[in-house]
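None of the figures in this text is laboratory data; all of them are computed from the coordinates on show. Computed from a predicted structure; not experimentally measured. A quick note on method: Cβ atoms are made from the backbone with ideal geometry, for glycine too, and the neighbour counts reach across all protein chains shown.
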Amino acid sequence: MTRWARTVVYRKWWVLSLAILIVLISGVWGLGVFGKLSQGGFIDPGSDSAKVADIIEENLGPQTPDIIAIYTPTDGRSLDAIGPAVTAAVDEFKTEVSTASVKSYWTADAATRPNLLSHDGAMGAVAITLAPDSGITSATFTDLLPTLEVEGAQTQFAGNTVVGVAFNNTLAKDLVVAEAIAIPITLVLLVFIFGGIVAAAVPIFVGVLSVMSALAVLRILTYFTDVSSFSINVASLLGLGLAIDYGLFIVGRFREELESGSEPGAAATRTVLTAGRTVMFSGLLLICAFSGMLVFPQSVIRSLGFGAIAAVLSAAVLSLTAVPALLAILGHRINSWTWRKGAAQRGEERSRRFWGRVVTWVMKRPVAVSVTIVTILLVLASPLLGARLGELSFTALPSDDPARVATETLVNDFPQTGNGATLILQAQGDTVLTPEEAAIIAEAAGQVEGIGQATVVATTNKLIAVQAFYSEGSTSQSQSSAVTDLRAIPAPDGTELLVGGGQAMVDDGNNAVLHWLPVMMLIMVGSTLVLLFLAFGSVVLPIKAVLMAALSLATTFGVLTFVFQDGHGVELLGASQTPLEATFVVLILAVVFGLSTDYEVFLMSRMVEAKNDGATTEEAVKFGTERTGRIVTAAALLLIVVTGAFAMSGLGVMKFLGVGMIVALIVDATIIRMLLVPSLVKLMGDANWWAPAWMKKVHGAVGIGH
């Protein structure tokens with residue numbers, strides 16, 4: 001770090017110019033990622049339901065429509081009257097786009113036609129599956145839909161790709177709006193925090209660069225793996241928020257060094273060796289937290305993990321290169337453009353007095369403070385005991401989104417369209433299947449509670465496919481129970497029975513999350529304990545940090561369960577009441593755990609610094625809290641602003657993510673970090689700093705303070 005600090009400071013113009021040039025070029029190139037995003041990836045590829053989907057596509061062709069056009073006659077016309085116009089529109093569509101399958105109410109056979117008619121007979125549908133080589137992208141897909149509209153009928157568009165493109169378009173729009181809101185507000189807050197425009201502009205500068213850098217990293221990843229459209233917003237949120245937090249921390253330390261009488265070059269060097277080292281460890285902690293997401297089989301979770309890692313890496317690298325180089329160039333001009341001379345210093349002094357009084361009050365009554373806070377947070381966490389995992393569905397779209405409205409029409413008025421489970425009976429070895437066995441499987445499926453009817457849809461001597469439709473009005477829970485019972489149907493000797501379909505895929509995906517979650521936690525906790533030991537030189541402090549992160553997580557998910565699953569106030573957020581979406585549960589878990597330990601490093605690094613300089617435990621706690629109280633709470637406030645802007649998204653899952661982060665930041669950066677941690681450190685006394693002698697030697701070689 002010493003060599004790095006000297007290089008950045010003494011080659012400041014080269015470092016800053018090269019960083020800006022590389023980021024600008026890569027950022028412009030990275031904008032191309034928007035045309036390469038995936039809208040799927042929620043399926044566990046090794047599950048039975050995924051195997052069913054592969055078998056059906058291989059033997060029967062694609063069965064999941066990309067577009068379902070729903071036609072409602074107007075002006076008193078009948079379905080038969082608009083039939084010729086619909087058929088002509090579909091034929092024109094087929095001349096423009098390569099399709100794998102087209103099923104229309106007006107041209108389908110007698111067996112298929114009822115599935116394309118609404119239960120009241122007022123609407124007809126056309127289901128279109130695009131060919132894999134159609135060449136249609138998200139950017140060109142929307143322009144295709146008007147081709148299917150006809151005069152004399154209201155046309156709605158549902159289907160997997162229609163919903164996916166709606167998600168993609170909403171996310172892209174939300175990204176622009178969120179950054180347009182977050183950046184100006186953050187700049188204003190930074191001006192008040194720092195008392196000057198120049199100091200405030202530095203974190204914003206590195207934040208914008210971090211977002212551009214993260215986009216470039218995500219585009220590189222599209223050449224190796226699927227990148228979810230959600231990862232763009234996650235990378236932007238974290239990249240902007242963390243870069244501003246890191247910039248705030250580094251600029252604050254640089255100004256502190258200047259106030260102590262250091263020259264700009266020496267101040268910048270000292271800043272890299274102290275705050276810069278803390279940022280480095282913080283980045284490593286967050287990367288380890290998000291690396292745990294890479295163990296899951298669903299590509300969307302891995303994609304979100306990659307996006308988060310890209311954001312952290314971009315923010316940390318730029319904070320250790322461009323920021324100290326810029327500070328070395330600015331020198332004392334970092335305090336320029338203030339509205340009153342000495343305002344920044346007086347603000348810092350007031351902050352230190354305030355936090356000094358707070359921490360003194362806490363340390364006089366540590367038992368009462370710690371017991372009260374833990375009790376309150378556990379009460380807030382209690383709804384978590386009833387939490388259930390759900391799915392990401394069309395209901396996450398805004399209530400007035402055309403794709404959501406059309407899908408609601410499809411679900412409510414076309415109960416037979418895709419609303420069921422698919423059973424596949426495969427023959428093993430020399431076994432040959434018979435029509436009688438197909439009838440037996442269909443009959444057994446039809447007798448399962450929650451299944452309205454079951455029909456054989458394909459039969460060969462090696463494969464039988466049965467479609468089992470759920471009972472009208474069934475819920476996701478009753479459908480899950482039906483899937484479990486369908487999988488319990490005994491398969492004939494020499495055969496294998498697999499069950500797939502929409503609900504089966506959701507259940508398999510959630511089961512995969514529950515299966516791999518302990519592995520993710522093991523990676524996060526293990527790496528955090530090691531890194532925090534290297535940061536603090538103590539065995540006790542890392543364990544305490546992990547327990548504090550667990551308390552913060554429990555509180556956050558308790559509140560999320562209370563609001564989103566139990567429905568208390570969810571309508572005020574413009575979201576739908578729903579169980580906790582598994583993918584974003586994993587993401588929030590990683591984000592909150594990472595940020596919790598991140599703020600722990602900010603706070604405890606100054607306490608350890610004071611302790612190493614000979615302070616008592618109480619003096620170290622007071623020093624660390626006074627020096628970081630303003631920075632930690634300001635960093636949390638700024639990240640809340642950024643998160644809040646993204647929480648204004650029209651998508652329910654982004655609101656879920658936003659509310660989760662806001663709750664976690666409020667709880668962690670204030671209640672836990674500024675009140676509970678000082679009280680616990682006070683109670684533990686000298687035990688805080690304990691470690692075996694051999695571990696002290698390890699810390700002496702590679703620890704944060706050396």
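Relative contact order for the stretch 600-669 using alpha-carbon pairs under 8 Å, separation at least 6, rounded to a whole percent?
Rounded, it is 25 percent for the stretch 600-669.
Using only alpha carbons, build the gyration tensor for the stretch 413-503 and give me the equivalent ellipsoid semi-axes, biggest first, whole Å.
24, 13, 10
Separation of the stretch 528-592 and the stretch 632-706 by C-alpha centroid, Å?
Distance between centres, Cα-based: 11 Å.
Would you please give the FRET efficiency between residue 431 and residue 119, computed as 1/(1 + (r/R0)^6) with r the Cβ-Cβ distance and R0 = 41 Å, to the nearest 0.05?
Efficiency for this residue pair is about 0.55.
Once the piece of chain linking residue 447 and residue 96 is laid out straight, how much longer is it, given 0.36 nm per residue of separation minus the C-alpha distance between them?
121.9 nm
Taking 25 Å as R0, compute the FRET efficiency from the Cβ-Cβ separation of residue 411 and residue 74 and round it to 0.05. Don't skip to the end; give the middle numbers.
Details: r = 23 Å, r/R0 = 0.90.
E between residue 411 and residue 74, to the nearest 0.05, is 0.65.
What nm value, rounded to one decimal, do you get for the distance between residue 455 and residue 694 when each label is placed 7 Å out toward the C-beta?
7.1 nm
Between the alpha-carbon centers of the stretch 166-198 and the stretch 1-51, tell me the distance in whole angstrom.
Answer, in whole Å: 20.
Rounding to the nearest 10 and keeping the result within 0 to 90°, find how far the Cα-based axis of helix 277-291 lies from the longest principal axis of the chain.
Its long axis makes an angle of about 20 degrees.
Per the Kirkwood treatment, what hydrodynamic radius in Å, one decimal, follows for the stretch 60-135 from the mean inverse distance over all distinct Cα pairs?
For the stretch 60-135, the Kirkwood estimate is 13.0 Å.
Work out the charge dipole of the chain with +1 on the Cβ of Lys and Arg and -1 on the Cβ of Asp and Glu about the Cα centre, then indicate which of 52, 405, 620 is farthest towards its positive end.
Result: 620, furthest along the dipole toward the positive end.
What number, in percent, do you get for the relative contact order of the chain if the mean sequence gap of Cα pairs under 8 Å and at least 6 apart is divided by its residue count?
Here the relative contact order equals 19 percent.
For the chain, max minus min Cα coordinate along each principal axis, in Å, sorted largest first?
Each principal axis gives a Cα extent; for the chain these are 88, 50, 46 Å.
How far, in degrees from 0 to 90, does helix 48-60 lean away from the longest principal axis of the Cα atoms of the chain, to the nearest 10?
Roughly 40 degrees, rounded to the nearest 10.
Expressed as a whole number of Å, what is the distance separating the alpha-carbon centroids of the stretch 358-412 and the stretch 254-296?
31 Å
How tilted is helix 299-320 with respect to the longest principal axis of the chain? Cα atoms for both, answer in degrees (0 to 90, nearest 10).
Relative to the chain, helix 299-320 is tipped by roughly 20 degrees.
Excluding residue 162 itself, what net charge comes from residues whose Cβ is under 12 Å from its Cβ, given Lys and Arg +1 and Asp and Glu -1? Before the final figure, lay out each step's value.
Values: positive: 404; negative: 66, 401.
Around residue 162, the surrounding residues sum to -1.
Between residue 686 and residue 336, what is the FRET efficiency for a Förster distance of 51 Å, r being their Cβ-Cβ separation, to the nearest 0.05?
With R0 = 51 Å, the Cβ-Cβ based efficiency is 0.70.
Just subtract the alpha-carbon distance of residue 577 and residue 223 from 0.36 nm times their residue separation and send over the number in nm, one decimal.
123.7 nm
Going highest first, how would you order 487-498, 282-293, 6-17 by mean Cβ packing within 10 Å?
282-293, 6-17, 487-498
Can you tally the net charge around residue 525? Count Lys and Arg as +1, Asp and Glu as -1, for every other residue whose Cβ sits under 14 Å from the Cβ of residue 525.
Values: positive: 544; negative: 600.
After counting each charged neighbour, the total is 0.
Roughly how many nanometres apart are two label points built 7 Å out from the Cα toward the Cβ at residue 14 and residue 87?
7.6 nm
Cut-off under 20 Å on the C-alpha distance; same-chain residues fewer than 8 positions from residue 51 excluded. Which lysines are left, in chain and number order?
Qualifying lysines at Cα under 20 Å: 462.
Can you flag which of 12/544; 655/682; 622/697; 103/655; 12/697 are past 29 Å Cα-Cα?
12/544; 655/682; 103/655; 12/697
Which net charge results when you count Lys and Arg as +1 and Asp and Glu as -1 among the other residues whose beta-carbon is under 15 Å from that of residue 667?
Net charge around residue 667: -2.
HN-Hα J couplings of the stretch 473-486 from phi, Karplus 6.51/-1.76/1.60, θ = phi - 60°, integer Hz, Gly and Pro as x?
Rounded to whole hertz, the list is x, 5, 9, 4, 5, 5, 5, 4, 5, 5, 4, 4, 5, 4.
Only helical DSSP H runs with n ≥ 4 go in: add -39500 (n - 2.57) per run for the chain, normalise by residue count and round the 222 nm mean residue ellipticity to 500 deg cm²/dmol.
Mean residue ellipticity, 222 nm, calculated: -21000 deg cm²/dmol.
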